[in-house]
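Shown next, in structure tokens, is the structure this report addresses.
The values are calculated or read from the model by the stated rules, or taken from the named source; none is laboratory data. Not measured: the values here are computed from a predicted model. Positions of Cβ are generated from backbone atoms using ideal geometry, with glycine treated the same way; all protein chains shown enter the neighbour counts. Areas reflect the complete protein model, heavy atoms only, side chains present, ligands, DNA and RNA absent. Shrake-Rupley method; radii C 1.70, N 1.55, O 1.52, S 1.80 Å.
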Amino acid sequence: MPSRRKVLGIFFKLFSILILTSCATALFFAYHFYLQIEDELPDIHQLKNVKYQIPLSIYSTDNKLIARFGEKKRIPITIEDIPEMQIKAFLAAEDDSFFSHPGVDVKGLIRAAVELIRTGKKKQGGSTITMQVARNFLLSREKTYIRKIKEIILALKIDNQFSKNEVLELYLNKIYLGHRSYGIAAAAQTYYGKPLDQLNLAQMAMLAGLPKAPSNFNPVTNPERALIRRDYILNRMFELGYIDNTTFKQALNSTVSASLNSSETETSAPFIAEMVRQQLFEKYGEDLYTSGLKVYTTIDENLQKASDHALRKTLHAYDQRHGYRSLPHTNLESSQFKSRQIGDTQLAKVTQISNNSVHAVLADQQPILIEWQNIEWARQFKSRNSRGAKLKSADDLIAINELIRVRTLDDGSWSLAQVPEIEGAFIALDPHDGKILALSGGFDFFHNKYNRVIQSKRQPGSGFKPIIYATALENGYTAASIINDAPIIVSGNALESDWRPENYSRKFYGPTSLRTALRKSRNLISIRLMKKLGIEKVRRSAYRFGFASEQLPKNLSLSLGSGQATPLEMARVYATFANKGFVIEPHFIKQIKNYNDEIIFSHTPKTSCLHCDEFTFNSEENLAPRILSPGVAFIMDSLLRDVVKRGTATKAKVIQRSDLAGKTGTTNDQRDAWFNGYATNIVATAWVGLDDSSPLGRGETGGKAALPMWIDFMKKALSNLPEAEMQLPENIAKAYIDPETGLLARTGSAGIWEYFRKEYLPYSYSQNEVEDTLENTTEETAELF
């Protein structure tokens, strides 16, 4: 019988073999498990070329941010641009041994494992910054043990292949910090409205407290808990020796200063921003909002501000001519009084009325004073043609505790206001290359997103007449040609009754030169002129200016602008007159850069050529098409300048420049009011009307309702631009003529100087009699079709 010692020896050997076999088996399975896991691991080298989800950013031509589109706010930043103290705040909060561990904090993992064994619950903890990078960039968000193992392995690999600063940069650009903000640069803008390098220590610590729980420790939605978290991080920074006691105490005493800075834009141009978004979405789809494109538009910040201001000021002026519609909301509690700015108006609560002045407070409790002269306009609105009696006192209209709308005037004073019912549009272009300099599609984009500059097709009224006159000049007429301003009856199958068109004044002026007719916007001259030229010839002319067939009626009503056009299309028409005959393509995107700041699109527009003659203009590949000869373009420019000097747009003379030109436009019953005009380097169109095409009211012509918008803009736009003198083309000459006949005037007679193309210079002298070939002054009947 074996001895006990021998039995124990055998048992020990067997046990050792069993242990070694078990270990080998465990190692074997562990190794194969590792190999299987490793096969499933993503390639960490993709972190070398990380593409963040970055919103679309849109800028003005002077690099001012207009808008951002995208769910995630993110501003990528390099590690070199992150303040050292900001990095230390995150290390104190998330991983104070980051620079010493190999990507994994073994002690932290053991603590988490012990907690799991003790409580049976998985709890957050043990994740280093490197492990968070692995999880956020390379793994899914599922919480499983397998994912945790993958996270550990990836962290070890990342730490071996990447520098600590590279890992930190990835982490600080990726982390979610609440309110759609990803990365610390975006969070600094969201909570403090400024870049990282302008934050103080307390604010840096506040940001560092967000990754753990962006909602629970949010300084805006949960400031009490956020303060506790911030102070904990400051204390950790002090314990780790990152800050001294004095700095620690100062930061602790700082109050919570965070607030949502949702608007990070630097200039306001929402209509153009939406145009950019829509155009690019057609090409990029949903990727547009995450690919980090930077779009540089042609919008000039100062001109855009002038455009918005001019439009709103003009619409308020119309409102004040027609009366006060708003009914104040009475007896609202303070908690119900919230600021809601629409355009340049905001709410105010009346606190006192004394001496016909109104005292009120804005939503932020700022007190304001509205003087009587800025209230007395508010007679009751009855219709667009009538108002109530004049106000005798502010008490007739306003009571204490009521809410009213107010706005600031140019002199800084406050005025009673209302949101206008009418709308407007304004567009300014560079006439030489078509770049859009400013665009205002309505009173307030966020109140009504309808972009009237590009979407609203309205009758252009008399603004169409210059196309007829240009066609006439191309067909042998001159600025001195005489047409009879006499009654005419137009009939046609499409009309229930005959059409008897009239001039706006309802008067007839007899034989009239084309210059005078355009200057005075004589309707009957335009009708007779189109009748002589032929409707189709004028329509073909309009095609060259950019109109489509469906925009142009095939009857004589077209002579009075009964077609359809957007303000942008009208601005393009007048750009041709401004640039001496070239048709340009309006555009608003100058350049596009990708996430890496590489240019992926650059627009090179076709341009006009002021020094090209009609025979050599096609020699340059990048020239816009010429549609008017230099001679015709020159005479049209002269005629349109005369509209400002002596015609329906003389109000514009307040700008005190000699190079202004343009044409007013008014449609039937004053449903649309226009002014299309230009100076040498800017062409602009102003439109005023109601979206439902209701009449604006008696007397609301283009010269009254729309021209002031154009004037207000041009005063600012042209303030630093020199005037341009007219340059006579080679085939233009001046002649002294009798304005009543268009023939040469004899020495000593009362004549005027007129421009002619040399081939159409008059050679006979006037006998001061109208030739037999002119129409008589009796009523004429014409067919509409």
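Amide H to amide H under 5 Å from S694: which residues, 5+ apart in sequence or cross-chain, H placed 1.01 Å off N in plane?
none
Output wanted: per-residue J couplings in Hz (rounded whole) for the range 685-690, from phi through Karplus 6.51 cos²θ - 1.76 cosθ + 1.60, θ = phi - 60°, x for Gly and Pro.
Computed from phi, the couplings for the range 685-690 are 10, 10, 10, 9, x, 9 Hz.
Once you have a ≥ b ≥ c as the square roots of the Cα gyration tensor eigenvalues for the range 265-320, tell me rounded if a/c is under 1.5, and otherwise prolate or oblate according to whether a/b is larger than b/c. Let's see the in-between values first.
On the way: a/c = 3.77, a/b = 2.40, b/c = 1.57.
Prolate.
Treating only the Cβ of Lys, Arg, Asp and Glu as charged (+1, +1, -1, -1), what charge dipole size does the range 265-404 show about its Cα centre? Round to the nearest 20 debye. Mind dumping the intermediate values first?
Values: 17 positive and 17 negative charges, 142 e Å.
Dipole magnitude for the range 265-404 comes out near 680 debye.
Note the angle between two axes, namely the Cα long axis of helix 270-284 and the longest principal axis of the Cα atoms of the chain, as a number of degrees from 0 to 90, rounded to the nearest 10.
Between helix and principal axis, roughly 70 degrees.
Tell me the carbon and sulfur percent of the accessible area for the range 685-752, rounded to whole percent, probe radius 1.4 Å.
On the way: 1620 of 3190 Å².
Of the solvent-accessible surface of the range 685-752, carbon and sulfur hold 51 percent.
In the range 546-638, if the dipole is taken from +1 on Lys/Arg beta carbons and -1 on Asp/Glu beta carbons about the Cα centre, which of A565, I600, L623 is farthest to the positive end?
A565
Assuming R0 = 45 Å, can you tell me the calculated FRET efficiency for the pair D43 and S602, based on Cβ-Cβ distance, to the nearest 0.05?
Numbers: r = 35 Å, r/R0 = 0.77.
It comes out at approximately 0.80.
Using only DSSP helix segments of four residues or longer, with each worth -39500 (n - 2.57), what per-residue ellipticity at 222 nm results for the chain after dividing by its residue count and rounding to 500? If you can, show how the numbers build up before the last one.
On the way: 20 runs with 261 residues, N = 785.
Helix-only estimate at 222 nm: -10500 deg cm²/dmol.
Sequence-distant or interchain residues sharing an amide H contact under 5 Å with A363, placed H: which?
none
What is the percent carbon and sulfur in the accessible area of the range 392-549, measuring with a 1.4 Å probe over the protein chains and ignoring ligands? Please report the intermediate quantities before stating the final value.
Numbers: 2650 of 5760 Å².
Here it works out to 46 percent.
Taking the range 710-767 on its own, what percent of its Cα-Cα pair distances exceed 18 Å? Don't jump to the answer; show the numbers that get you there.
Details: 873 of 1653 pairs.
Result for the distance tail: 53 percent.
Can you tally the net charge around G285? Count Lys and Arg as +1, Asp and Glu as -1, for every other residue whose Cβ sits under 15 Å from the Cβ of G285.
-2
If you roll a 1.4 Å probe over the heavy atoms of the protein chains, what accessible area per residue do you get for the chain, in Å²?
Numbers: 37750 Å² over 785 residues.
The answer is 48 Å² per residue.
Counting Lys +1, Arg +1, Asp -1, Glu -1, what net charge surrounds D231 among other residues with beta carbon under 15 Å of its beta carbon? All intermediate terms of the calculation are to be shown ahead of the outcome.
Details: positive: K212, R225, R229, R230, R236, K249; negative: E224, E239.
So the surrounding residues net to +4.
Given a 1.4 Å probe and the protein chains all in place, what does the accessible area of T741 round to, in Å² to the nearest 10?
20 Å²
State the percentage of accessible surface on the range 248-288 attributable to carbon and sulfur atoms; use a 1.4 Å probe and exclude ligands, DNA and RNA. Before the final figure, lay out each step's value.
Details: 1030 of 2410 Å².
On the range 248-288, the fraction of accessible area on carbon and sulfur atoms equals 43 percent.
Under the classification rounded if a/c is under 1.5, otherwise prolate if a/b is larger than b/c and oblate if not, where does the chain fall, given a ≥ b ≥ c as square roots of the Cα gyration tensor eigenvalues? Walk me through the numbers on the way to the answer.
On the way: a/c = 3.39, a/b = 2.18, b/c = 1.55.
In terms of gyration-tensor shape, prolate.
With unit charges on the beta carbons (Lys and Arg positive, Asp and Glu negative) and the dipole taken about the Cα centre of the chain, which residue among N484, G434, N448 sits farthest to the positive side?
The residue sitting most towards the positive pole is N448.
Output the relative contact order of the chain, whole-number percent, from Cα pairs under 8 angstrom with separation of 6+ residues. Don't skip to the answer; put the middle values down first.
Working: 1478 pairs, mean separation 88.9, N = 785.
Across the chain, relative contact order equals 11 percent.
Please state the shape class of the range 135-185: rounded when a/c is under 1.5, otherwise prolate if a/b exceeds b/c and oblate if not, all from the C-alpha gyration tensor. Don't skip to the answer; put the middle values down first.
Working: a/c = 3.89, a/b = 1.21, b/c = 3.22.
Oblate is the answer for the range 135-185, as a/c is 1.5 or above yet b/c matches or exceeds a/b.
Report ³J(HN,Hα) in whole Hz for each residue of the range 295-312, in order, from the Karplus equation J = 6.51 cos²θ - 1.76 cosθ + 1.60 where θ = phi - 60°; Gly and Pro get x.
So the J values, rounded to whole Hz, are 10, 9, 8, 8, 5, 9, 4, 5, 5, 5, 4, 5, 5, 4, 5, 5, 5, 5.
Can you list residues whose amide H is under 5 Å from S181's amide H, if they're 5+ apart or on another chain and H is modeled 1.01 Å from N?
K73
Applying a 10 Å radius around every beta-carbon, put 516-522, 700-706, 714-720 in order of their mean neighbour count, most first.
700-706, 516-522, 714-720
Order R180, R321, R229 by their accessible area, 1.4 angstrom probe, all chains in place, largest first.
Numbers: R180 105, R321 75, R229 25 Å².
If we order R180, R321, R229 from most to least accessible, we get R180, R321, R229.
For the range 353-465, what is the charge dipole size about the Cα centre, in debye to the nearest 20, if Lys and Arg each add +1 at the Cβ and Asp and Glu each add -1 at the Cβ? Walk me through the numbers before you get to the answer.
Details: 14 positive and 13 negative charges, 152 e Å.
It works out to roughly 720 debye.
Going down the list K283/K593; K88/K164; K51/K107; K531/K704; K107/K150, which pairs span over 24 Å between their C-alpha atoms?
K51/K107; K531/K704
With contacts defined as alpha carbon pairs under 8 Å and 6 or more residues apart, what's the relative contact order of the range 331-439 in percent? Working shown, then result.
Details: 174 pairs, mean separation 26.5, N = 109.
RCO, the range 331-439: 24 percent.
Find which of I110, I87, A187 sits farthest along the positive direction of the dipole of the chain, computed with +1 on the beta-carbon of Lys and Arg, -1 on that of Asp and Glu, about the Cα centre.
I110
Once phi is turned into ³J(HN,Hα) by the Karplus curve 6.51 cos²θ - 1.76 cosθ + 1.60 with θ = phi - 60°, what whole-Hz value does each residue of the range 344-357 show in order, with x for glycine and proline?
Going residue by residue, I get 9, 9, 8, 7, 9, 9, 5, 10, 6, 10, 8, 6, 6, 9 Hz, with x marking Gly and Pro.
Taking the Cα centre of the chain as origin, work out the dipole magnitude from +1 charges on Lys and Arg Cβ and -1 charges on Asp and Glu Cβ, in debye rounded to 20. Before the final figure, lay out the partial values.
Values: 97 positive and 87 negative charges, 553 e Å.
The dipole magnitude comes to about 2660 debye.
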